[in-house]
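Asks: Quick one: this structure, given as structure tokens, is what I'll be asking you about.
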Amino acid sequence: MKCSNAHGLSFTFLDNGSIRCIDMDPIRISLKPASLFSYAGSNIYLRKYRPSITCLPLLGPGSNSRFTVNNNQFLAVGEWEGIGYECRLRVSEKSCTWQWDIALTNHSKEAVELDLMLVQDVGLKSITSGLINEYYVSQYLERRILHDPMKGPVICCRQNMKEPTGHPWLMIACDNGAVAASTDGMDFYGKSYRQTGIPEGIYRDKLPGESAGESSIVALQERSFILTGNGGQRQSRFYATALRDHPAATALEDLNLLHSLQAEFEEIPPSTHSAVFQLPSRNLFNTAPFLKVEELNDEELEHFFGKVK
């Protein structure tokens, strides 16, 4: 399943509702292709404050979504704790730009405080069928957070290693305004992720900001908002645009691109609900809970592995 445009931009989706990869031929924008047996590097999280934070991914097997690709648009729909959602991807016909449009409706009686968080793995490397070293690629990726007076934090990434097209570049922004961002996977996932399977950043009040370690996974957090009960509605949008070549390093002047992005979608009507929706395919690898284990103590370590010399 694909959404694409004439400029070489394409989103490929798996049968579990996850994004397999994002390409800008001949450049892969995302870092690593996902599979039916792995977690995708791209997702959108709906978060609720109550006052502690709970969340739901809107894409993939961990969501409550039914999804379809219709008229070159991806649409995921569902409901979570009284909040109905429609998460729509549209690709521009004018450039390598795309928009995530999330419509929320509060079917409960009580007002709730919510926000949305977009997470994206970034490679900006030539498309290859072989394996890549994600840490090696990440070392050469410039990741910056610029601050726009209206949109708040804006994430920009530039591949400093020259590719056949030059230096590929990516910008991600939130139309309703972001409050925080992060630019490294260790900041978002944290050390406990391997034990719990839960990204630490999901439960933070605010993402920690700019850093450039060896995991080029970025995240952008929308400003929180109150969704009134009994049918209260809200529209949230994330935009992203990519260039095959950005000769210079990221600079404040790049924020000028933001002003034209929204206009690229004004002539693209949303797809209808006439298409057939499907549930995400699930398997043991993406549904089984993590095995709870206890660490070996010093005596047990010595018993099984001998004394340390």
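The values are calculated or read from the model by the stated rules, or taken from the named source; none is laboratory data. For clarity, every value in this text was computed on a predicted model and none was experimentally measured. Methodologically, a virtual Cβ is constructed for each residue, glycine included, from the backbone with ideal geometry; neighbour enumeration extends over all protein chains shown. Heavy atoms of the whole protein, side chains included, go into the accessibility calculation; ligands, DNA and RNA do not. Shrake-Rupley method; radii C 1.70, N 1.55, O 1.52, S 1.80 Å.
Asks: What is the residue count in the range 38-55 for residues that are closer than 17 Å to residue 19 by Cβ and modelled with pLDDT under 95?
Replies: Number satisfying all stated conditions: 5.
Asks: Residues of the range 160-187 being part of a strand (DSSP E or B) and in contact (Cβ under 8 Å) with a residue 40 or more places away in the chain, which ones?
Replies: 163, 166, 169, 170, 171, 172, 173, 174, 178, 179, 180, 181
Asks: Just one of 277, 304, 285, 265 is over 27 Å from residue 176 (Cβ atoms), hydrophobic (A, V, I, L, M, F, W, C) and in contact (Cβ under 8 Å) with a residue 12 or more places away in the chain; which is it?
Replies: Among 277, 304, 285, 265, only 285 is over 27 Å from residue 176 (Cβ atoms), hydrophobic (A, V, I, L, M, F, W, C) and in contact (Cβ under 8 Å) with a residue 12 or more places away in the chain.
Asks: Do we find that residue 105 is surrounded by 23 or more Cβ atoms within 10 Å (Cβ to Cβ), hydroxyl-bearing (Ser, Thr, Tyr) and at pLDDT 95 or above in this structure?
Replies: No.
Asks: Looking at (1) out of contact with any helix residue (DSSP H, G or I) (no Cβ under 7 Å at 6 or more places or on another chain); (2) on the phi < 0 side of the Ramachandran plot, which is the only condition residue 175 fails?
Replies: Every condition holds for residue 175 apart from (1).
Asks: Which residue out of 228, 241 is among the polar types (S, T, N, Q), touching a Leu at 6+ places or on another chain (Cβ under 9 Å) and at pLDDT 90 or above? Talk me through it step by step, then tell me what you get.
Replies: On the way: 228 fails: touching a Leu at 6+ places or on another chain (Cβ under 9 Å).
One residue alone meets the criteria, 241.
Asks: Would you confirm whether or not the range 280-296 contains a residue that is surrounded by 18 or more Cβ atoms within 10 Å (Cβ to Cβ) and in contact with a Pro (Cβ under 7 Å, 6 or more places away or on another chain)?
Replies: Taking every residue of the range 280-296 in turn, at least one turns out to be surrounded by 18 or more Cβ atoms within 10 Å (Cβ to Cβ) and in contact with a Pro (Cβ under 7 Å, 6 or more places away or on another chain).
Asks: Also, quick follow-up: Only one of 88, 144 is open to solvent by 30 Å² or more (accessible area, probe 1.4 Å) and not in a loop (DSSP other than H, G, I, E, B); which?
Replies: Exactly one of 88, 144 is open to solvent by 30 Å² or more (accessible area, probe 1.4 Å) and not in a loop (DSSP other than H, G, I, E, B), namely 144.
Asks: Restricting attention to the range 20-68, and to residues there that are charged (D, E, K, R) and not in a strand (DSSP E or B), which single residue is farthest from residue 10 (Cα to Cα)?
Replies: 50
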